[in-house]
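All of the numbers you see were taken from the coordinates with simple rules; none came from a lab. Everything numeric here is computed off the predicted structure, so don't read it as measured data. Positions of Cβ are backbone-derived with ideal geometry, glycine not excepted, and every protein chain shown enters the neighbour counts.
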Amino acid sequence: MLESIFGLPVKYETWNKKNTMPLYIAGGYDFRTAYIADKRCIMIKPTEELAALPALKKKTPPFTAMTLSRAVKQLEFTDLFFITKDGVNKVIESKYKRGTLFEKAGKYLSTPVRRAGYIDKPLVASDMLYAGETALAEKTMLNLELWAYDPKMFSHDNTADALSVALSLKDHADERIEEAVEELIEKELKDYEE
């Protein structure tokens, strides 16, 4: 990093607002607070080499123009957005703040889940994302529990031991959880019998 610009000293500090940026921005750039003489600036530096302009032009949008046109018509029908024309393009702007928009749009939204299923843990890849209850637990305090004993006592990895987990979920009303708990107990007890 530069120590001076045009003879003016530059001092850098970690910028503590990176977590407020969308992940697609924060993930690809290094953010620093830079002081050039007595002026405070934010320095944004790409963490990887940026794509050349011809490479960016070759990217195909994930949707066809017809699909986008249909989506705009559906949004227009909801009466939740201001839609104006800019030449041949339509500009969409919400009539409401984010929270209110999400609440009012609820009746038009559907679940993104096509179907639920199971996957063996060894098949889980690093590019897969948490979803459903796992994502909810990661993003909230859903699974914050106070146990009667330290769960690390019987743990062999970064999770509580299987039987303690099963006991903690024994009164769960969700049938999928009940089935998974039964499977977990069977596997755990089978491992001990062998």
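Is the range 78-153 rounded, prolate or oblate when judged by the Cα gyration tensor, a ≥ b ≥ c being the square roots of its eigenvalues, rounded requiring a/c under 1.5 and prolate requiring a/b larger than b/c? Taking the square roots of the gyration eigenvalues as a ≥ b ≥ c, the range 78-153 is prolate. Computed 3J(HN,Hα) for the range 157-165, one whole-Hz value per residue from the Karplus formula 6.51 cos²θ - 1.76 cosθ + 1.60 where θ = phi - 60°, is 8, 8, 10, 5, 5, 4, 5, 5, 4, glycine and proline marked x. Taking a ≥ b ≥ c as the square roots of the eigenvalues of the Cα gyration tensor of the range 111-183, is the shape rounded (a/c under 1.5), prolate (a/b larger than b/c) or oblate? Prolate is the answer for the range 111-183, as a/c is 1.5 or above and a/b outweighs b/c.
Here the spin labels are modelled as points 7 Å beyond Cα on the Cα-Cβ line, and at Arg32 and Leu163 they lie 5.4 nm apart. In this structure, the residue pairs whose Cα-Cα separation is over 24 Å, taken from Lys45/Lys90; Lys73/Lys97; Lys107/Lys170; Lys11/Lys139; Lys152/Lys190, are Lys45/Lys90; Lys107/Lys170; Lys11/Lys139.
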